[in-house]
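Before any comments, here is the structure.
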Amino acid sequence: MRRVFPSRPFAAAYSLVASANVSEPVAILLDRIPLFRGVTRDVSELAGGLTNRNYKVTTPDGCFVVRVSPKDADLLSIDRNNEYRNSVVAAQSGVGAPVVEYLPDEGVLVVGFIDGVTFTDDSFSIEGNVARVAASCRRLHAGRRFVNDFNMFDIQRDYLRLVRERGFRLPDDYLEFMPQVEMIRGALVAQDEGTVPCNNDLLAGNFVDDGAQVWLIDYEYSGNNDACFELGNIWSECGLSIDALAELVTAYYSRASHSMIARARLLGLAAKYGWTLWGAIQEATSPLDFDFWSWAMERFEAAAAEFAAPGFPLLLQQAQRDD
């Protein structure tokens, strides 16, 4: 049975966990934001974040999400200025929430609240939703380029160096699969199509359906990347079947492509392997009461099983072939 754990930071699980009574420090912080200063406001905390604290703020002018970030996000390779600038670009593409305020010294980003239904993994089984997700990804990817790049192979290497230098906990046989990761990296050269602006963190909680379209939220890990990483990471994080991944890739490219399906799957494996270390870092450093180690091991065990599977060499071959 697949264990289900909440997403990484600022997933849009728009369920309220507190009433309008918030702590005094939060009220003081909101007073520093020009939009909320001196106006009637209703504030509720939102569930779902494992790095940030998120609040829904309702004023006479509308509803907003205030995301308050910790000061040590650099351990997770998060650049808040890049996130802000990319969030603006994503909003311009029509699939990201509008950006309202950014206070870098306070670690605060304010975006418009999207009134819709937050996806769960089961949402992908609803007819038409895979195609709608593919359409939103294409729209983001066709927009203006982001201000930075994102490469999971580089991120994984940086995470691993940090984990080893600081003596953080690491799965016993984690390093045994580094050769498979290099095999993936080599195989992807053959059909490389360049990079596009990607969210790179599309867990189910980062899709919000307003009935007309599927919005893509949370740009902490955004950057220009291989489009197939976006698709493969969705497969990985949302628990999609191989058939559903094939449907997603086919809808994205508007044609069946065995090489692109294999490419997305390989990048999804690289994502599982890399995000394992995200969980290891959080397990060692986060003050939150959450089982980050189990979160990490779920991803590692899934990646290790596929690395060791008899079909892995064939997957590498498929990714290098012309359709």
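Overview of values
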| quantity | calculated |
| --- | --- |
| Matching residues in segment 235-253 - criterion: being more than 14 Å from D323 (Cα to Cα) and either outside the structural domain of P313 (by TED's automatic domain parsing) or among the hydroxyl-bearing types (S, T, Y) (or both) | S236, S241, Y252 |
| Leading residue by the ranking (surrounded by the most Cβ atoms within 10 Å (Cβ to Cβ)) among those in segment 125-156 that are outside any helix (DSSP H, G or I) and touching a Lys or Arg at 6+ places or on another chain (Cβ under 9 Å) | F146 |
| Positions within segment 101-122 being over 25 Å from P60 (Cβ atoms) and surrounded by fewer than 18 Cβ atoms within 10 Å (Cβ to Cβ), in sequence order | P104, D105, G107, V117, T120, D121, D122 |
| Candidates V147, V89, filtered to the one that is within 18 Å of the chain's Cα centre (by Cα) and in the same structural domain as F177 (by TED's automatic domain parsing) | V147 |
| Cβ-Cβ under 6 Å pairs, at least 6 apart or on other chains, segment 86-106 side polar (S, T, N, Q), far side crowded, with 16+ Cβ neighbours inside 10 Å and in a helix (DSSP H, G or I) | S93/R139; S93/L140 |
| Among (1) without any contact (Cβ under 8 Å) to a residue 60 or more places away in the chain; (2) of a type in the set (D, E, K, R); (3) part of a strand (DSSP E or B) - the single one D122 does not satisfy | (3) |
| Residue ID - farthest from R138 (Cα to Cα), chosen from residues in segment 239-270 that are in contact (Cβ under 8 Å) with a residue 24 or more places away in the chain and of a type in the set (S, T, N, Q) | S259 |
| Segment 157-167, subset touching a residue at least 24 places away in the same chain (Cβ under 8 Å) and not basic (K, R), residue surrounded by the fewest Cβ atoms within 10 Å (Cβ to Cβ) | D158 |
| Residues within segment 278-296 that are under 15 Å from E237 (Cβ atoms) and in contact (Cβ under 8 Å) with a residue 40 or more places away in the chain, tallied | 3 |
| Members of segment 22-38 found to be modelled with pLDDT of 90 or more and under 15 Å from K56 (Cβ atoms), listed by number | L30, I33, L35, F36 |
| Filter result (modelled with pLDDT under 95 and part of a helix (DSSP H, G or I)) within segment 86-115 | P104, D105, E106 |
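The values are calculated or read from the model by the stated rules, or taken from the named source; none is laboratory data. Source: prediction; values computed, not measured. Please note: Cβ atoms are built from the backbone with ideal geometry, for glycine as well, and neighbour counts cover all protein chains shown.
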